[in-house]
Amino acid sequence: MSQYFDIGDETLWNPSNGAARLFLRQVEVFEAELGLPSGIGPMRNDECQIDPDAFGVFVHALLARHRRTGHTVILALSEGFVGTVVALAQRAGTDIDWGRLEASPDGPLSDVQVSATGVSAPPGDGGPWAAAVRARAAELSRGMAR
C-alpha cells in the first residue's frame with residue numbers, strides 16, 4: 001500500500017504507508033513549532049491534498065527558522081524533514097526566495113547552542129547553508145516515487 005500527496009490532479013509523492021505516516025506526524029510537529037498550518041492534509045482514503053498557498057507560506061517559515069538556528073541537535077533532527085519539504089515544494093513549483101534566505105535570517109537567532117567551545121550560530125552569508133539544503137532536497141527527491 002502507499003499514500004498520495006497531490007496538488008489538484010498531480011501527484012507530487014507516492015510514499016509507502018510508513019513513510020507517509022512518519023512524514024505527516026513530523027508535519028504536525030513543525031506546524032506546532034511554527035504556529036502555522038502547512039497546507040498538507042489530512043490524509044483521506046490514501047490521498048492527501050496540498051494547498052499550494054498555505055504550503056508556500058509554511059515552506060518559507062520552515063526554511064527561515066532552519067536558517068536561524070545554530071543548534072546542532074535541532075539541525076540534525078530537522079534536516080531530513082526540511083529536505084523532504086523542499087523536494088515537495090520544488091515539485092509543486094513553489095517559489096522559494098533563496099536569495100532572501102541566504103542574505104540574512106528572518107528574525108532573531110533561535111535555539112543557539114552553547115557548549116564548551118562557545119556559541120554556535122548559523123553561517124553569516126547563508127551560501128553553504130542554502131547549498132546544503134538544496135543538495136539534501138535533490139538527494140531525497142531522487143528516492144521519492146511519484
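Packing around the peptides 137-146, 84-93, taken as the average count of other Cβ atoms within 10 Å per residue, puts them in this order, highest first: 84-93, 137-146. The simple spin-label model puts a point 7 Å past each Cα toward its Cβ; for ASP51 and LEU36 those points are separated by 1.3 nm. Length gained on full extension, LEU77 to SER2: 24.5 nm, using 0.36 nm per residue less the C-alpha separation. Projected label points at ALA132 and ARG44, each 7 Å from Cα along the beta carbon direction, are separated by 4.0 nanometres.
Peptides 12-21, 56-65, 38-47 ranked from most to least packed, by the mean per-residue count of other Cβ atoms within 10 Å: 56-65, 12-21, 38-47.
Read the figures in this text as sums done on the coordinates, not as results from a lab. All figures in this text were calculated on a predicted structure; none of them were measured in a lab. Positions of Cβ are generated from backbone atoms using ideal geometry, with glycine treated the same way; all protein chains shown enter the neighbour counts.
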